[in-house]
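Input: a single structure, listed below in structure tokens.
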Amino acid sequence: MLAQPRIVEEIKTRPVEIGPGLSVGGLEVILMAGPCSVESYEQTRAAAEAVYQSGGRVLRGGAFKPRSSPHSFQGLGLEGLKLLRAVADEFGLLVISEALAVEYVSAAAEYADIIQIGSRNMQHFPLLWAVGETNKPVVLKRGFMSTVQEWLLAAEHIATRGNERIILCERGIRTFETATRNTLDTNAIALVKQSSPFPVIGDPSHATGRADLVIPAARAAIAAGADGLLVEIHPNPAAALSDGEQSLPLAMLPYLVDETKRIALAMGRGII
Ligand code: PEP
Ligand code: MN
């Protein structure tokens, strides 16, 4: 018997339906995986096949890319979004893709099942209002220089326009540490599970910037309470047009699923 009163977590999460019979924030941890950028039909199809074979139901892929350098690959644009949709349909997968600006929201809503708002756009209020006027689930990435409170207020900007199908995504924040690209804030995952109705997923790829840290960070995100994972994979990471150094080779995806499943089970959950 415990002599001391225990301080218990009070989880506030309300599940968000992303497709028929599939919700983020329920008992299942939802895997979303795919390339950072849609580069070609072959590359996207290979990634989609790996997701499908691992039991995943959601394919990620960037078509309009927010790149730090204007000289880097900027994405295939609308053509990439259509290609992503076509490949996902071959395998019966849902699609998540980023709407980089207000003018791309209608295309994202047409071709994707889930609209992603990127870290750099977390406080782009007109963009938040625009996705708030769609009926699509929105993954709101945390700004890498934003506090939890700013992140939750950004979510409210979406909700006040009528769309409450919001999923938060902790993708790492900038700290004094330079050994990794960002720092995964597992505190924030645990905190928003208690202070917000919106489910939260973890992005171990951008949080670490290193393929060899992706699986450990994914395990940590689930242990902290994450309702899903957003993971970058690539058939040939060394040749990727963006974020190759943090992309898992396709053959690693079953290991990620296997290892994170153990953590999910320990949390009384499954992973799909
Ligand atoms: C991405 O998901 O590829 C991406 C650009 O992420 P973030 O906005 O978190 O940098
Ligand atoms: Mn990326």
Length gained when the stretch Glu177-Glu103 is fully extended (0.36 nm per residue, less Cα-Cα span): 23.1 nm
Long-range amide H partners of Ile166 with built H, under 5 Å: Val138
Per residue value of the accessible surface for the chain (all protein chains in place, 1.4 Å probe), Å²: 43 Å²
Cβ crowding within 10 Å averaged over residues, with 50-57, 201-208, 263-270 ranked highest first: 201-208, 50-57, 263-270
Percent carbon-and-sulfur accessible area, the chain, ignoring ligands, DNA and RNA, probe 1.4 Å: 54 percent
For peptides 139-146, 63-70, 120-127, sequence by mean Cβ density within 10 Å, most packed first: 139-146, 120-127, 63-70
Cross-link pairs beyond the 30 Å C-alpha cut-off, checked among Lys12/Lys261; Lys82/Lys141; Lys82/Lys261; Lys12/Lys65: Lys82/Lys261; Lys12/Lys65
Long-range tail of P(r) for the chain (Cα pairs > 27 Å, %): 31 percent
For the stretch 53-122: relative contact order, % (alpha-carbon pairs under 8 angstrom, 6 or more apart): 32 percent
Cα→Cβ-extended label distance, 7 Å offset, between Glu245 and Leu153, nm: 3.3 nm
Proximal aspartates and glutamates relative to Lys136, as straight alpha-carbon distance under 13 Å, when same-chain residues fewer than 8 apart are discounted: Glu17, Glu98, Glu110, Asp113, Glu164
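The values are calculated or read from the model by the stated rules, or taken from the named source; none is laboratory data. Everything numeric here is computed off the predicted structure, so don't read it as measured data. As a convention, Cβ positions derive from the backbone with ideal geometry for all residues, glycine included, and neighbour counts pool all protein chains shown. Please note that ligands, DNA and RNA were not included when accessible areas were found on the heavy atoms of the full protein model with its side chains. Shrake-Rupley method; radii C 1.70, N 1.55, O 1.52, S 1.80 Å.
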